[in-house]
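**Q** What follows is a single structure, and I will ask about it in a moment.
The values are calculated or read from the model by the stated rules, or taken from the named source; none is laboratory data. It should be emphasised that the depicted structure is a prediction, and the values quoted were computed from it without experimental measurement. Methodologically, a virtual Cβ is constructed for each residue, glycine included, from the backbone with ideal geometry; neighbour enumeration extends over all protein chains shown. Note: accessible area is taken over every heavy atom of the protein model, side chains too, but ligands, DNA and RNA are not part of it. Shrake-Rupley method; radii C 1.70, N 1.55, O 1.52, S 1.80 Å.
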Amino acid sequence: RFLNSRRMAQHRGPPLDSRGELIVPFNLLPAQSGDGAVAVRLRSVEGLQGVRATRLSLALRFGPPGHDGSEVDKSKDCSVKCFVELLQQRPGLWLPEPAGDGCVMHVVLPPLLLQRAALGGIFCRLKVLLPGRITPSSLCTSLGVSVPLELTAVPLMGSKGGAAVGTATLSIGRLLSLDTQVQAARYLVGQVFSELQRPRASPGPGAAQHILLSLGPSCGWSPGAGLDRMLATTMDDIGRGILRLAVDNGHSECIKPLVRVACDLRALCTEDLRSPLTRAIERGDEALQALVEGAEDKLTDREVKAARKLSDALGDLGAGGSPAATVDRWEALAETVARAFPPPRRHRPAAGDPKSGEWTSRSPASRGMGSPQSDGGPSASDKWSGDAYILALEHCPTGRARRRLLCADGACSALWCVCLSNNLPSLARKLAVWIGLSMTTSPQDEFGSPQSRRRLLDISLGPGEKEAMLARALERGAQDERWLKVARVMVHLGSDVTGHTASGKSLLDLALEKADDGHNGFRDLTASLLAKLGGGVDHWERPMVLVEDTTAECPICMENLWTSTPTAFVSFTTAGGREGNAHVICGHFFCFDCASQQYMKQQSHNVTEFECPICRAKATEVMPMPDIAVNPRLWFQFLDMAGSGKIEKSTVVHTLEAMLPIDTELLHAALAAGVWAEWDKDGDDAIAESEFFDAGGLLEWVRMHQHELKAAEARGKSPGLGDPKAWFRHWDTARRGRLRRGELLRALCEEASVSSLEPKRIAALKEGIQAIWDRHAVDDMLTRDSVLKTEAANELKALVNEVKK
């Protein structure tokens, strides 16, 4: 007994947490010097009926397998033996000394045994000994068990063989340092990755499945080994992770263990925008079944049912079928997907709730069964990737079904956030196109309606977020050309170009700045932004009508200035005496022909300086006004007379009179009534460059009127209300057979010669239109029949006559 206790003490270490005692077969890892130790955790020995001794010894021998596989090679150079003292607790039960939660022994394995382990593994044989006066006697033994060993009851056979007379409950784990665990994890994950990159060759378990059994949560890996991170970040050249490779290459036997070792089944591949779940839905068959079985605690019943329905619909879509049945099926399926995989959404509490506008996450149990708009909360996954939404949106055969998905509460905002957080410009571009194909195409649609294109393109990205998606795309476009393509698509589809970045810089100002820095992609984008700026105005909210009866004239030839290329005498010298951009020297503008003649006349006298013919201010050149629609910054600098970065109010007035058909008196009255305050936000009687580019600023105001003038020129002269049929056809430019209130207001402004600079007459028209609207509108539209078959036309004539008075 004394000798046995000494031997045991040589191998027993302090009790340790079982984490880090790895259950990883020796033949899966290359031999590691300095890490050839195992930890033995003995729980109990039970059985052995008829044995009355209060003390027993348990001998454990580690070595390579013998010839018949049941024995353990006892060669001294490749085997090691240790002992554990057992104390009887009651008849038939012995616990290791000291009693308690079990004995922990550290056993150092010989180097030669570790070398041979790579070929045949390591086995352990147990023997229960009854202490004697000279030598102990054997009571029972076990067959050789493979090391490492999960917690198991090992059968013990009597010394004469036959049936088991007892059991020894124990576990044997490999003791590896943290650094070695990191290396081992990296090696095993690499082996699995290599195996799964190849298509499955034959049915049955393969090498990858064998390795995965050693990577499970019960195998004792230390959190510091980074196994979860390696499994999540190991990807091929196109961004497919390990679980995705198993799905793609038909390794269905590996799908379940991979899901259980914390592989993310919702992680998107950046190349094809598929997650392991959605790829399994596309493949169907056993891949989806294996994934569902492995993710039983990660997918709700509703998500599983929706995934199966979507898989069946994709299969039937490829096989063909009745178009009508397909449309109905996909509309119902879109609602099912929206309910089963709801995105994060804005919480909408009762009025006065201080949490209004916050993002919330509701548990699956709290989700209602109503429409997608009323069903809320995220899926069981903590991180919403939008994978099921993306799959359904790509395969939707109808715009109506796609609209159900896009208009689900929080869906569009969450999908835009997925694009940004995962840096997926390809998804952002697709999402913009899906919105364009599914939402209404009219730029004058009600921007606040749930199905408005602009509402989804410019939807808020979250509580407190000041930037819309277009601003984010522009900011990222400076480093990644792909995001510029996203911005171009969004601008083309009607996204609001008057937004700002988080720093307060306008989108147009940002684009111009990047273009000036040499970013070629921003040059083309700037042209698109300027072309869209001020377009698609709802005339009911912001009337944009200019009457051409009384406009500014060239002071020399008396021709209308706004149609004769307004030109001014300019200087290149700033207030500090330095050379700068060309800028006007006064507020006088001339037609191009007259200004050129004056320039040539003064030049014939060999003068070094020129003079404005009106005020005799000194100039160095004559230049036409830059086109504000091409380069608004150059236009601003052209009017910055003092080089102070601001345009004076008097210069603004003279310039607007020269470039637009504006009545001078009406312009002054409108500026005094509040228009100037909208442009000059700091109230210093001058417009700074930031105010010029700001939403609702001077630039936008000019571009809106230019758009309307161009549209009026394309329409031509209205036939008048004397011919209601022709009048309606003239203003129904979309040929829909109906007019909105803004379109009707624009028509009556022309009929009554009312300018948008006359707020009182505009208010009178709007009041009269609303009264007529209440009597004759159908579905908030004035239809052709309403005008031709009712008294609406006569009432409109009467309203025009009244306003003219």
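**Q** For region 149-163, enumerate the residues that are modelled with pLDDT under 90, at negative phi and either touching a Pro at 6+ places or on another chain (Cβ under 9 Å) or small (Gly, Ala, Ser) (or both).
**A** Selection gives Gly158, Ser159, Ala163.
Residue by residue, here is whether (1) over 47 Å from the mean Cα position of the chain (by Cα); (2) closer than 20 Å to Asp663 by Cβ holds:
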{"residue": "Gly722", "(1), (2)": "yes, no"}
{"residue": "Asp732", "(1), (2)": "no, no"}
{"residue": "Leu739", "(1), (2)": "no, no"}
{"residue": "Arg746", "(1), (2)": "no, yes"}
{"residue": "Ser756", "(1), (2)": "no, yes"}
{"residue": "Ile769", "(1), (2)": "no, no"}
{"residue": "Val787", "(1), (2)": "yes, no"}
{"residue": "Ala793", "(1), (2)": "yes, no"}
{"residue": "Lys797", "(1), (2)": "yes, no"}
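**Q** Sticking with this structure for a sec: Just to be sure before I move on: is Thr336 open to solvent by 20 Å² or more (accessible area, probe 1.4 Å) and touching a residue at least 60 places away in the same chain (Cβ under 8 Å) in the structure I sent?
**A** Spelling it out, it is not the case that Thr336 is open to solvent by 20 Å² or more (accessible area, probe 1.4 Å) and touching a residue at least 60 places away in the same chain (Cβ under 8 Å).
**Q** Failed condition for Ser438, given (1) at pLDDT below 85; (2) closer than 23 Å to Trp330 by Cβ; (3) hydroxyl-bearing (Ser, Thr, Tyr), with all others met?
**A** For Ser438, the failing item is (1).
**Q** Looking only at residues in region 161-186 that are small (Gly, Ala, Ser) and under 29 Å from Leu227 (Cα atoms), which one is most open to solvent (accessible area, probe 1.4 Å)?
**A** Ser177
**Q** Taking region 760-792 only, how many residues are assigned to a helix (DSSP H, G or I), under 17 Å from Arg738 (Cα atoms) and open to solvent by less than 70 Å² (accessible area, probe 1.4 Å)?
**A** So the count comes out to 8.
**Q** Out of Ile242, Ile281, Ile238, I need the residue that is touching a residue at least 60 places away in the same chain (Cβ under 8 Å), under 29 Å from Leu427 (Cβ atoms) and among the β-branched types (Val, Ile, Thr). Which one?
**A** Ile281
**Q** Now for a separate question. For region 639-649, how many residues meet the condition of being more than 14 Å from Trp679 (Cβ to Cβ), surrounded by fewer than 21 Cβ atoms within 10 Å (Cβ to Cβ) and either at pLDDT 95 or above or out of contact with any Cys (no Cβ under 9 Å at 6 or more places or on another chain) (or both)?
**A** 4
**Q** Suppose we filter region 670-717 for residues that are of a type in the set (Asp, Glu) and under 16 Å from Val547 (Cβ atoms); how many remain?
**A** Going through region 670-717 one residue at a time, the tally reaches 2.
To keep it simple, each residue is scored yes or no on (1) within 20 Å of Val630 (Cα to Cα); (2) at pLDDT 90 or above.
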{"position": "Gly477", "(1), (2)": "no, yes"}
{"position": "Arg488", "(1), (2)": "yes, yes"}
{"position": "His492", "(1), (2)": "yes, yes"}
{"position": "Ser503", "(1), (2)": "no, no"}
{"position": "Asp516", "(1), (2)": "yes, no"}
{"position": "Gly521", "(1), (2)": "yes, no"}
{"position": "Val545", "(1), (2)": "no, no"}
{"position": "Glu553", "(1), (2)": "no, yes"}
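**Q** Among the residues that make up region 188-201, is at least one of them open to solvent by 40 Å² or more (accessible area, probe 1.4 Å) and modelled with pLDDT under 85?
**A** Yes.
**Q** May I ask you to say which residue of Gly121, Gly166, Gly144 is farther than 29 Å from Gly50 by Cα and either in contact (Cβ under 8 Å) with a residue 40 or more places away in the chain or in contact with a helix residue (DSSP H, G or I) (Cβ under 6 Å, 6 or more places away or on another chain) (or both)?
**A** Gly121
**Q** Also, quick follow-up: Kindly indicate the residue of region 673-728 that is acidic (Asp, Glu) and part of a helix (DSSP H, G or I) and also surrounded by the most Cβ atoms within 10 Å (Cβ to Cβ) among those meeting that condition.
**A** Glu700
**Q** Here's another thing I want to ask about it. Scan region 654-674 for residues that are among the hydrophobic types (A, V, I, L, M, F, W, C) and either without any contact (Cβ under 8 Å) to a residue 60 or more places away in the chain or on the phi > 0 side of the Ramachandran plot (or both) and report the count.
**A** The qualifying residues number 3.
**Q** To continue, here is another question. Kindly provide the set of residues from region 585-602 that are open to solvent by 50 Å² or more (accessible area, probe 1.4 Å) and of a type outside the set (Phe, Trp, Tyr), ordered by number.
**A** Selection gives His588, Asp593, Gln597, Met600, Lys601.
**Q** Pick out, from region 122-236, the helices (runs of 4 or more DSSP H) lying fully within it that include 1 or more residues that are among the aromatic types (Phe, Trp, Tyr).
**A** Because the criterion is at least 1 residues that are among the aromatic types (Phe, Trp, Tyr), the helices (runs of 4 or more DSSP H) in region 122-236 that meet it are 178-196.
**Q** I need the full set of residues from region 592-616 which are out of contact with any Phe, Trp or Tyr (no Cβ under 7 Å at 6 or more places or on another chain), in a loop (DSSP other than H, G, I, E, B) and modelled with pLDDT of 90 or more, in order please.
**A** Pro613, Ile614, Cys615, Arg616
**Q** Please work out if Val292 is open to solvent by 10 Å² or more (accessible area, probe 1.4 Å), hydrophobic (A, V, I, L, M, F, W, C) and either touching a helix residue (DSSP H, G or I) at 6+ places or on another chain (Cβ under 9 Å) or part of a helix (DSSP H, G or I) (or both).
**A** The answer is yes for Val292.
**Q** Of (1) surrounded by fewer than 22 Cβ atoms within 10 Å (Cβ to Cβ); (2) at pLDDT 90 or above, Lys466 satisfies all except one. Which?
**A** Of (1) surrounded by fewer than 22 Cβ atoms within 10 Å (Cβ to Cβ); (2) at pLDDT 90 or above, only one is false for Lys466: (2).
**Q** Just wondering, is there one or more residues in region 794-802 that are free of Cβ contacts under 8 Å to residues at least 24 places away in the same chain, open to solvent by 10 Å² or more (accessible area, probe 1.4 Å), under 15 Å from His539 (Cα atoms) and not in a loop (DSSP other than H, G, I, E, B)?
**A** No, every residue in region 794-802 fails to be free of Cβ contacts under 8 Å to residues at least 24 places away in the same chain, open to solvent by 10 Å² or more (accessible area, probe 1.4 Å), under 15 Å from His539 (Cα atoms) and not in a loop (DSSP other than H, G, I, E, B).
**Q** Spot the failing condition for Phe636; the list is (1) open to solvent by 50 Å² or more (accessible area, probe 1.4 Å); (2) not in a strand (DSSP E or B), and only one is missed.
**A** It fails just one condition, (1).
**Q** Do you know which residues across region 476-500 are open to solvent by less than 50 Å² (accessible area, probe 1.4 Å), closer than 11 Å to Arg454 by Cβ and not polar (S, T, N, Q)?
**A** Met490, Leu493, Gly494, Val497
**Q** Would you pick out the residues in region 682-741 that are more than 30 Å from Ala777 (Cα to Cα), touching a residue at least 40 places away in the same chain (Cβ under 8 Å) and among the charged types (D, E, K, R)?
**A** Correct list: Glu689, Asp694, Glu700, Arg703.
**Q** Any chance region 296-316 includes a residue that's modelled with pLDDT under 85, in a helix (DSSP H, G or I) and either open to solvent by 70 Å² or more (accessible area, probe 1.4 Å) or touching an Asp or Glu at 6+ places or on another chain (Cβ under 7 Å) (or both)?
**A** Scanning region 296-316, I find at least one residue that is modelled with pLDDT under 85, in a helix (DSSP H, G or I) and either open to solvent by 70 Å² or more (accessible area, probe 1.4 Å) or touching an Asp or Glu at 6+ places or on another chain (Cβ under 7 Å) (or both), so the answer is yes.
**Q** Take the residues of region 239-262 that are surrounded by fewer than 23 Cβ atoms within 10 Å (Cβ to Cβ) and modelled with pLDDT of 85 or more: which is nearest to Pro199 (Cα to Cα)?
**A** Top of the filtered list is Asn249.
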